[in-house]
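Take a look at the structure below.
Nothing in this text is a laboratory measurement; each read-out follows from the coordinates by a stated rule. In this text the structure is predicted, and so the values were computed from the model without any measurement. Quick reminder, even Gly has a Cβ in these numbers, built from the backbone with ideal geometry, and neighbours come from all protein chains shown.
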């Protein structure tokens, strides 16, 4: 999908108008951002927005997130285990200490 | 107040009628705001416009909300709202952001194009390498020495080009990454600016609501008092705008284009400020 984010009132207004008139190209509206379909029409609309508002518009192409392909087992398992923890008040750092689960600091420095 | 007409005539008083002249309301308002008008045009000698006068310089006005009118009235009286302090803080922070307008869109666009082109070139050359390798194998099988030599030479040439294009593509990637990092910082600052712009708009709205609430009773009274002056029914917009002028604390003249009052003097008396009637 195309993620379109706006950074000014004027760009936000144009985005709203586009979303209103081209519902078929819009997957989701998120305030001053929107997810567009991956079609030429959606790209056309996004590019028009950028032509008009330049740096106030950011366009990114998103890919579906597959945690089994993109994320190491250790991270996925850590998330699972932490959400199944017995005491809800335990912070992750304490939870991970003394286990095989990666620390937040380790994960922060490792890119997917 | 004194009005100097282009023909040399001078009119003086708190209520001045200019309906016999052809001046447009905008011209008169401009002359009120700028006392240094050129000598051959209309010149008005009057106190400087008070705060809030920008909204109420000309009545009636139909395209304005009572909240904005109330705000103009309150500002003319030097009144402040509970959000003024925060509004000042937000406005001055917003002013800091106004200057930091780094726009990376042009270099980013160039970098994206360069990367896409380098990628296309690379893909094309890879394809050519593959097909040359295939041809080379075929020539070897056929035992055609001349063809083997020629294809091998071509392959070397293509390999050199490929390595150049690869280098170019990697450089383009790095350039784009570096620009993306800078653009992210610029977007963060735009993000903050938008947040502040929204916050300022919200506080202003709150201030307008506050002024409208605190002045509501006075507005009602002023409207009642004014409508009692006329036997004809006047539309609410006109009455509200006139009420606002009456409530406002103006020393500068207001330009009136309506016939609500019998004459300019009466208007000045009831609106409690200098009036120029058109």
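The overall shape of chain A is prolate: from the C-alpha gyration tensor, with semi-axes ordered a ≥ b ≥ c, the ratio a/c is 1.5 or greater and a/b exceeds b/c. From its DSSP helices (H runs of at least four residues, each -39,500 (n - 2.57)), chain B gives a residue-normalised ellipticity at 222 nm of -22500 deg cm²/dmol. Largest GNM mean-square fluctuation among B:267, B:30, B:241, using chain B with Cα springs under 10 Å: B:30.
Entry note, chain B: relative contact order of 35 percent, from Cα contacts under 8 Å with a spacing of 6+ residues.
Under the simplified labelling scheme, the residue B:9-residue B:131 pair shows an inter-label distance of 9.0 nm, with each label point 7 Å from Cα along Cα→Cβ. Between residue B:85 and residue B:221, residue separation times 0.36 nm minus the direct Cα-Cα distance comes to 45.9 nm.
Counting other Cβ atoms within 10 Å as a rough exposure proxy, the listed residues B:148, B:276 run B:148, B:276 from fewest neighbours to most. Within the range A:68-98, which residues have the backbone N less than 13 Å from the label spot 7 Å out from residue A:108 along Cα→beta-carbon, could you tell me? Only A:93 fall inside the zone, counting backbone N under 13 Å. As a proxy for reagent exposure, ranking A:95, A:44, A:65, B:23 by other Cβ atoms within 10 Å from fewest up yields A:65, A:44, A:95, B:23.
In chain A, helices alone account for a calculated mean residue ellipticity at 222 nm of -13500 deg cm²/dmol, with every DSSP H run of four or more residues adding -39,500 (n - 2.57). The C-alpha atoms of chain B define a longest principal axis, and helix B:84-98 lies at about 40 degrees to it. Against the main long axis of the alpha-carbon atoms of chain A, helix A:73-83 sits at an angle near 80°.
For the pair the range A:1-50 and the range B:1-56, the centres of their Cα atoms are 49 angstrom apart. By the gyration tensor of its Cα atoms, with a ≥ b ≥ c the square roots of the eigenvalues, what is the shape of the range B:194-265: rounded for a/c under 1.5, prolate for a/b over b/c, or oblate? Note, shape of the range B:194-265 comes out prolate.
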